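Step one of this worksheet: look at the structure below.
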Amino acid sequence: MFQWEDEAATEPVAPRCDHMDCAEPGLYRAPKSRDRLNDYFNFCLEHVRAYNKAWNYFEGMGTEDIERQIRRDTVWDRPTWPLGGWRIPPQPDVAAAFRRAMGLDEGNEPASEARSHGPKLGVAEQQALRVLELKPGVTWDEIKARYKGLAKQLHPDANGGDKTAEERLKLVNQAYSTLKHSALF
């Protein structure tokens, strides 16, 4: 018989429980302290349960130390730095230079006109405002008042069943519904 066959046949012996006066095998490891997390006690099941129940990693630490430890643990105790353009120096004049190059300075008509109408309207909203005979930049209360006025004016009872008025009322109702469900108003 070869020497390595004899060694393989013997199973490793489990260490004894590190608790005083315990002869059970110490199959369960528990860290000795928060400063020595890779250095372990070997306990039996009964004693490791008691040890874990009494274990408090943060015992003796102040509030600031606990907060610092939690912040380090959220990034797995690795170095961090802010994301974004931290390597690129800020260039505040780029936007102003672009506006000047495009002829959109503060006094020019295109820039001031775009700002006066608020958020950009989609095609459906623009068409709905045209149906209600309103201009961009109106408030929701103005839209509502215009709708009520047109609805009374175009109602079939007020027009004696005029088909053109009914068709126009349908368009007004659709336009109002479009604006009502729009996120811009």
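Rule-based calculations on the coordinates, nothing more; no lab input. As the structure is a computational prediction, the values presented were derived from the model and not from experiment. Cβ sites come from the backbone with ideal geometry, for glycine too, and all protein chains shown count toward neighbours.
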> Hey, what do the phi angles of the stretch 179-184 turn into as Karplus ³J(HN,Hα) couplings, whole Hz, using 6.51/-1.76/1.60 and θ = phi - 60°, x for Gly and Pro?
Replying inline: 5, 5, 8, 6, 6, 7
> Taking 1 over the mean of 1/r across every pair of different Cα atoms in the stretch 3-74, what Kirkwood radius in Å do you get?
Replying inline: 14.8
> Could you list, bin by bin from short to long, the percent of Cα-Cα pairs of the stretch 123-180 in 10 Å steps?
Replying inline: 25, 54, 20, 2
> Expressed as a rounded percentage, what relative contact order does the stretch 123-180 have, with Cα pairs under 8 Å and six or more residues apart?
Replying inline: 46
> Considering only A54, L27, T74, whose Cα is most displaced toward the positive end of the charge dipole of the stretch 26-78, charges sitting on Cβ of Lys, Arg (+1) and Asp, Glu (-1)?
Replying inline: L27
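Set the bar at 20 Å for Cα to Cα. Now go through K120/K170; K152/K180; K120/K152; K120/K148 and name every pair that lies beyond it.
Distance filter (> 20 Å) returns K120/K170; K120/K152; K120/K148.
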